[in-house]
Amino acid sequence: METIKNVKFRIKRWIPEDGRFRVDTFEVPVFKGMTVLEGLIYIKENLDPSLSFRRSCRMATCGICGIVINGKPMLACSTQILHLQSDTITLEPLKNLPLVKDLVVDHTPFFEKQKTIKPYIIRKNDLDEYWNPTREYKQTPREVEEYLQFSYCLTCALCYAACPTSGTNKDYLGPQALMNAYRFIADNRDEGLLLRLEIVDSPDGCWGCHLAGSCSDVCPKGVDPALAIQILRKMVVEKDLGYLEERKGAQLVPPLPYVEGVEKVEAPKFTVRGAKKKAEEIQTKYLS
Amino acid sequence: MGFAKRKRKYKTKYNLAGTAGWIGNLRMNMERYLYFLHRITGIGLVFYLILHIIITSSRMYGESAYEYTHSLINNPIADFGLFIVMAGLIFHGVNGIRLILNEYGFLLGKPARPIYPYRQILKTRTPRLLILSMIVLGFILLIIVAYELLMVWVF
């Protein structure tokens, strides 16, 4: 590849042995189309093998390479160096998360908060079908569009790092968790509306948002958490006023008509060892 | 045994952005600046309220004390300070109307199928028109306030 220019990488590294930051500068030859992640890999291979950063898919699908580039949280793999139009690039680890080493942060608090809003379909009536699915639930294309935008989330924690409320309140659920709560509320198969609204109805939940809009601004997948949180708030108010009632989840599609000469395809078996046993345990626990 | 001795303690830190993170950086979106100004004007108004209570409470010590404290603030510089306070109040109020409307889900629109380049709801026409109309409303109120304050000293 033909080198276009040399770009300085100013990397703010967390040194866990000393418990402080250190700023290191590296000069990287840049070719056309080179991403920041490729620059980091160049530094690790040629200049400083001790540099730590996370990466996996290098195509904005896994969402692990999120770092603060020139003050703005971005995915290193989908940001081209030449598009930044500066000779010096400042790199920092993501804000609002515990530091591990150099550019690596610990995403545990972020994922723990996502767990609290129960990010899965909740069914209350047909538990037998829920644990041993035989058919799919009815869903029109319009009903899919209600939550499709929010299901594109990578859990890259960029919104969490950009949020000013997360920066001052450690207990704030964060844009991603609240957006995920709305994603499951908007799903017509779900029956956990009131349960989730109870979880997010707190100063650390949807009322902590002050509509700074940075979460939507930094999102690499156009998920728009800011919109989801405002709709969530509207729903909480509607619930308190008594307008909102628990919706009945989508019904199963009718069984396919029997066609002569076509054999019925068996449902796939449980591929994880012990999964069926555990599912049965949970099922008996719920039904009793 | 030796391993335990050689084991080093690794320090970690919850890297919270804190209050400095309110402004973000210079490449943030418009709503982030409005958010920052809303916070700053809110804090400023609380300080003004404390000052206002101190000044008016001087009436407790008799009429002469009240008139003395008023003679201290009866000058153009204090009135310019009042103008700044009023500007902050107008911004806080006008932006507050926008926030009340948007934060309860009004004038925002609906989720749509994500197609690249992705749409951000706050950058679509209706929320931006709301901001623009609030800027116009704010400037009209500011001109009225400036006129009222100038009337005292010029005319």
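The values are calculated or read from the model by the stated rules, or taken from the named source; none is laboratory data. This structure is a prediction, so every number in the text was calculated from the model and none was measured. A quick note on method: Cβ atoms are made from the backbone with ideal geometry, for glycine too, and the neighbour counts reach across all protein chains shown. Heavy atoms of the whole protein, side chains included, go into the accessibility calculation; ligands, DNA and RNA do not. Shrake-Rupley method; radii C 1.70, N 1.55, O 1.52, S 1.80 Å.
In table form, for the structure just shown:
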quantity	calculated
Formal net charge of residues neighbouring residue B:20 (Cβ-Cβ distance under 14 Å; K, R +1; D, E -1)	+2
Chain A, dipole about Cα centre (Lys/Arg Cβ +1, Asp/Glu Cβ -1), debye to the nearest 20	460 debye
Estimated dipole of chain B in Debye, rounded to 20 [Cβ of Lys and Arg +1, of Asp and Glu -1, Cα centre]	2160 debye
Volume in Å³ per residue [convex hull over Cα atoms, computed for region A:3-105]	93 Å³
Interchain or long-range residues, amide H under 5 Å from residue A:66's placed H	A:76
Contact order normalised by residue count of region A:196-288, Cα under 8 Å, 6+ apart, percent	17 percent
Kyte-Doolittle mean at least 1.6 and Cα axial length at least 15 Å: DSSP H helices in chain B	B:125-153
Gyration tensor (Cα) of the protein assembly as shown, equivalent ellipsoid semi-axes in angstrom	47, 34, 23
Residue with peak Gaussian network fluctuation, chain A [Cα springs, cutoff 10 Å], from A:223, A:236, A:272	A:272
Top of A:98, A:49, A:220 by mean-square fluctuation, Gaussian network on chain A, Cα under 10 Å	A:49
Too-long pairs where the Cα-Cα distance tops 25 Å, listed order kept, from A:115/A:239; A:12/B:13; A:118/A:221; A:118/B:11	A:118/B:11
Positive-end residue, chain B charge dipole about Cα centroid, Cβ charges, pick of B:56, B:145, B:89	B:89
Contact order normalised by residue count of chain B, Cα under 8 Å, 6+ apart, percent	21 percent
Calculated diffusion of region A:210-272, Stokes-Einstein form, Kirkwood radius summed over Cα pairs, 20 °C and 1.002 mPa s, µm²/s	125 µm²/s
Carbon + sulfur, % of accessible area of region A:141-288 - ligands and nucleic acids excluded, 1.4 Å	55 percent
Accessible area buried, both sides summed, chains A and B with 1.4 Å probe, Å²	4100 Å²
Rel. contact order, % - alpha carbon contacts under 8 angstrom, at least six apart, region A:3-105	33 percent
Summed residue charge, Cβ within 13 Å of residue A:46's Cβ, Lys/Arg positive, Asp/Glu negative	-3
Label point distance in nm, residue B:124-residue A:145, each placed 7 Å from Cα along Cα→Cβ	1.1 nm
Where a label projected 7 Å from the Cα of residue A:2 along Cα→Cβ would reach, residues of region A:32-48 with amide N under 16 Å	A:32-34
Efficiency of FRET from Cβ geometry, residue A:23 and residue B:9, R₀ 22 Å, rounded to 0.05	0.45
Volume in Å³ per residue [convex hull over Cα atoms, computed for region B:5-84]	204 Å³
Convex hull projection area averaged over all views, region B:14-155, Cα basis, nm²	13.6 nm²
Dipole of region A:3-105, positive end: most advanced residue of A:47, A:16, A:89 [Cβ charges, Cα centre]	A:89
In range of the label at residue A:246: residues from region A:175-211 whose backbone nitrogen is under 12 Å from the point 7 Å along Cα→Cβ	A:191-196
For region A:41-193, alpha-carbon Rg relative to the globular expectation (2.2 N^0.38 Å, N residues)	1.29
Shape of region A:108-287, Cα gyration tensor, a/c cut at 1.5	prolate
Considering only the protein assembly as shown, percent of DSSP beta bridges that pair antiparallel, nearest 5	85 percent
Dipole in debye (nearest 20) - region A:3-105, about Cα centre, beta carbon charges: Lys, Arg +1; Asp, Glu -1	240 debye
Which of A:184, A:207, A:152, positive extreme of dipole for region A:151-237 (C-beta unit charges)	A:152
Rounded accessible area per residue of chain A, 1.4 Å, Å²	51 Å²
Cysteines in chain A that, by Cβ-Cβ distance, have no pairing candidate under 4.7 Å	A:65, A:77, A:153, A:156, A:163, A:206, A:209, A:219
FRET E, pair residue B:154, residue B:64, Förster distance 30 Å, beta-carbon r, rounded to 0.05	0.50
Shielded residues, region A:190-224 - accessible-area loss of 10 Å² or more between chain alone and all protein chains, probe 1.4 Å	A:207, A:210, A:211, A:212, A:213, A:214, A:216, A:217, A:220, A:221, A:222, A:224
Per residue, in Å², the accessible surface of chain B once ligands and nucleic acids are set aside, probe 1.4 Å	71 Å²
